Amino acid sequence: MLAVTTGVFSIVTTEILPIGLLTPIGATFRISDGTAGLMMTLPGLVAAVAAPVLTVATRHVDRRTVLAALLLLLVAADLLNALAPAYGAVLAARVALGLVIGAFWSIGAGLPARLVPERRRARATTLFFTAVPLGSVLGVPAGVFLGSFAGWRAAFLVMAALTLLTLAGLLLSLPPLPPLTTTGLGVLRGLLAGRGTRTGLAVTFLIVPAHFGGYTYVTPFLEGTVQAGPGLVTGLLLVYGAAGMLGNALAGGRAAVALRPVFGTAVVLLAAAALLMPVLGTGGPGAAVLLTVWGAAYGAVPVCSLTWFLAAAPQAPEAAGVLFTSSFQATLSIGALSGGLVVDRSSPATVMVLGGAVALLAAALVLGHGHRVRPDSAAGPVRGAGA
C-alpha cells in the first residue's frame with residue numbers, strides 16, 4: 001500500500017505542479033496565465049478518455065505490470081517537461097501524464113481491497129488518498145521553492161528521480177496481481193444506469209470544476225491581490241496542503257458510515273472559502289485562514305467521491321474506479337479551462353466567486369440526495385469487479 005500510495009503522490013504532484021509554477025512557466029514561453037492553464041486542462045481531458053479505454057484494454061494483464069509501465073511513462077513525461085524547448089513539448093508531456101493518471105487511478109482505486117484484510121480497508125483507502133493532499137503539502141510548495149532559485153525545470157527533474165525510486169519500490173514490494181475478473185464496456189454501461197452512480201456523476205460535475213476553476217489560479221491571485229512573494233506563496237500553499245491532509249484523514253474515517261453529511265459539509269466549506277477569498281483573503285492572514293478551510297474541505301472531496309461510487313457499485317470496484325477517474329479528470333479540465341477563459345477576460349477573484357456559487361449547487365445536490373447511498377440495482381452481478 002505504501003508503494004502504491006507513493007506512486008499516487010508522484011502522479012498527483014506532477015499533475016498539480018503547474019499551479020505553483022504557472023507564472024514562471026508562462027514567462028518562459030511568453031504566454032498568458034489562461035494559456036498556461038492548459039497544463040491543467042490537457043491531462044484531465046486525456047485521463048477522462050484513458051481511464052475506460054486503458055482499463056478495458058489491459059483487463060487481462062497483471063496489474064503489477066501495468067502500474068510499473070505507467071510509472072515508467074511518468075518518468076518520461078517528467079523529463080520531457082523539464083527539457084521542453086517550446087510550450088508544445090510541455091503540452092505533449094502533459095498528454096502522456098494524462099494517460100498515466102487515467103489508468104493508474106482506475107486500477108489503483110481497487111487495490112486496497114486486495115492488499116489488506118477487510119477490517120483494514122477503510123484505513124488503507126484513507127492512506128491511498130493521503131497522497132492527494134500530500135502532493136499539495138510537499139510537492140507544490142517544494143516545487144515553488146526549488147523553482148525560485150533553480151528554475152521551474154528543476155522541479156520536474158526532481159519528480160522524474162522520485163518516480164524512478166517509486167518504480168523500484170513498487171517492483172520490490174508489490175506481489176503479482178493477476179486480474180480477478182475483467183472490466184468490460186458493458187459493465188460501465190450498466191453502472192451508468194444506476195441512480196446512485198448518476199447522482200455521484202452530477203455532484204462531481206459541479207464540485208470539481210468549482211474547486212479547480214479557482215484553485216488553478218490561486219498563485220496569480222496571491223501574487224496580484226495579496227502582493228505575495230515566492231516565500232509567502234510557498235507558505236500559503238503549504239498551509240493549504242497541510243489542511244488538506246487533515247481533511248482527508250477526518251473524512252476517510254467517517255465517510256464509510258456518514259457519507260452524505262461528511263461530503264455535504266466539505267462542499268459547503270469549500271464554497272464558503274472560495275466565495276470569501278476575494279473579500280477577506282486580500283491580506284496574508286485572511287488568505288491563510290481561508291486557504292486552510294479550503295484545503296481541509298477539498299481534502300475530503302476525493303475520498304468522499306470515490307466512496308460514493310464504490311457504495312453505489314460495491315460489486316464492481318474497478319468499474320466504479322473508472323467512472324470516478326473519468327468524471328473527476330474530465331471535470332478538473334473543465335474547471336481549469338473555464339477558469340482560464342475567465343481569468344484572461346476578468347481576474348482570479350472572479351473565478352473564485354463563480355466557483356463558490358457552483359459549489360453551493362453541489363452541496364444542495366449532496367444534502368438533498370437522501371440519507372444513504374444504496375447500491376445500484378441496475379448494475380446487477382458484474383463480472384468486472386476487482387483490480
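Calculated on C-alpha atoms, the gyration radius of region 50-180 divided by its Kirkwood radius gives an Rg/Rh of 1.00. Note on Ala57 and Ser148: the model spin-label points, each 7 Å out from Cα along the C-beta direction, lie 4.2 nm apart. Mean-square fluctuations from a GNM of the chain, with a 10 angstrom spring cutoff on Cα atoms, peak among Ala300, Ala69, Ala312 at Ala69.
Based on C-alpha pairs under 8 angstrom that are at least 6 apart in sequence, the chain has a relative contact order of 29 percent. Over region 196-316, the ratio between the Cα radius of gyration and 2.2 N^0.38 Å evaluates to 1.12.
One decimal place: the segment Ala168-Leu367 gains 67.3 nm when fully extended, by the rule 0.36 nm per residue minus the C-alpha distance.
Global size of the chain: 19.3, 56 Å for Rg and Dmax (C-alpha atoms, Rg to one decimal, Dmax whole). Note on the chain: helix-only mean residue ellipticity at 222 nm, from DSSP H runs of 4+ residues weighted -39500 (n - 2.57) and normalised by residue number, equals -27000 deg cm²/dmol. The distance between label points at Ala76 and Ala357 comes to 4.4 nm (points 7 Å beyond Cα on the Cα→Cβ vector). What number comes out for the charge environment of Ala362, summing +1 per Lys or Arg and -1 per Asp or Glu over other residues with Cβ under 15 Å away? Net local charge, Ala362 excluded: +2. Of the peptides 346-356, 264-274, the order by per-residue mean of other Cβ atoms within 10 Å, starting with the highest, comes out as 264-274, 346-356. GNM remark for the chain: springs join alpha carbons under 10 Å apart, and the peak mean-square fluctuation among Gly229, Gly44, Gly339 falls on Gly229. Built from the Cα atoms of region 4-122, the convex hull projects on average onto 7.9 nm², one quarter of its surface area. Rg and Dmax of region 113-159, both derived from C-alpha coordinates alone, stand at 15.8, 47 Å.
Here, each number is a calculation from the coordinates, and none is a lab measurement. Computed from a prediction, not measured in an experiment: that's the story for all the values here. Note: ideal-geometry Cβ built from the backbone for every residue, glycine included; neighbour counts use all protein chains shown.
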